[in-house]
Amino acid sequence: MIDFYYWPTPNGWKISILLEELGLDYRVKPVDINAGDQFDAEFLEISPNNRMPAIVDHAPASGFGDNALPIFESAAIARYLCAKTGQLMPADPRLAKEVDEWLFWQVGNLGPMGGQMSHFVNYADGDHAYAERRYRDEYHRCLGVLERRLKARDYLVGGRYSVADIINWPWVLIAKAMGQPLDEFPAVAAWRGRVKSREPVQRGVALGKAWATGGQTKSEAARATLFNQRGT
Ligand SMILES: N[C@@H](CCC(=O)N[C@@H](CS)C(=O)NCC(=O)O)C(=O)O
């Protein structure tokens, strides 16, 4: 059994979709990031960066021993679950290397740039013209990277749906809602639709939908929790 520490956001959907695609048994442990659950001492033991998603696998893959196995960071979780099940990761080492590239690219580029863009577009009070432009442009640049990659391909790696698509897709799903329509990126738009038509993807995005509303995230209390974090 896998405990899945989750809240319905793009980063959470990466792993809810993956668990649904892999058909693994899991139980959801909600981490209400608007209420500050990500700072609970018990959760920090699992996810020291106070971010979800995270998992604890109570029946770890062969070689990991018998003790419950905690994993944080979506790409690390993704690589572990794909290796454990032998699914959604190509066996060919060159293609597996390409999947890794697109996993690390997502967590270092598309995700954080989209997240910062969303912060300045949706949340920051006052006038932050330079910062907003900077992250709008970076998110736009990332969509251009995906467009070039997908122009001659249906999926990111090896012509087949893989975990690389799953990890990248949620931050494209919300492009229009963040104020960046995909008209300039037709191959990305087509890929977005292709992935969205999969039933496990729809189940992953629907998980916990009722818990979170845009309004809740924008409450004063939630903003104080989410946007004033320091190291000490
Ligand atoms: N690089 C991380 C990003 C995770 C992340 O930023 N999660 C956000 C929600 S979308 C979170 O937990 N935020 C809590 C907070 O900001 O305190 C991953 O891919 O797992």
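Quick note: the coordinates plus some simple rules give every number you see, no bench work behind them. Only a predicted model underlies this, so the values are computations on that prediction, with no experimental measurement involved. Reconstructed Cβ throughout: ideal geometry from the backbone, glycine too, with neighbour counts over all protein chains shown.
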- prompt: What pairs come up if the first residue lies in region 77-95 and is hydroxyl-bearing (Ser, Thr, Tyr), the second is crowded, with 19+ Cβ neighbours inside 10 Å and not in a helix (DSSP H, G or I), and their beta carbons are under 8 Å apart, counting only those six or more places apart or on different chains?
  reply: Tyr80/Asp57; Tyr80/Ile71
query: If we keep just the residues of region 47-57 that are surrounded by 15 or more Cβ atoms within 10 Å (Cβ to Cβ) and within 12 Å of the ligand (Cβ to nearest atom), which is nearest to Pro70 (Cα to Cα)?
result: Ile55
query: For region 25-41, which residues satisfy the criterion of being more than 9 Å from the ligand (Cβ to nearest atom) and among the aromatic types (Phe, Trp, Tyr)?
result: Tyr26
field: Candidate set from region 13-63 (those that are basic (Lys, Arg) and within 20 Å of Asn168 (Cβ to Cβ)); member that is farthest from the chain's Cα centre (by Cα)
entry: Arg51
field: Test: Ser62 is away from the ligand (no atom under 16 Å from the Cβ) and hydroxyl-bearing (Ser, Thr, Tyr)
entry: yes
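Looking at region 20-95, what strands (runs of 3 or more DSSP E) fall wholly within it and have at least 3 residues that are of a type in the set (A, V, I, L, M, F, W, C) and under 30 Å from Ala221 (Cα atoms)? Break it down stepwise before answering.
On the way: elements: 26-30, 54-57, 69-72.
The qualifying strands (runs of 3 or more DSSP E) are 54-57.
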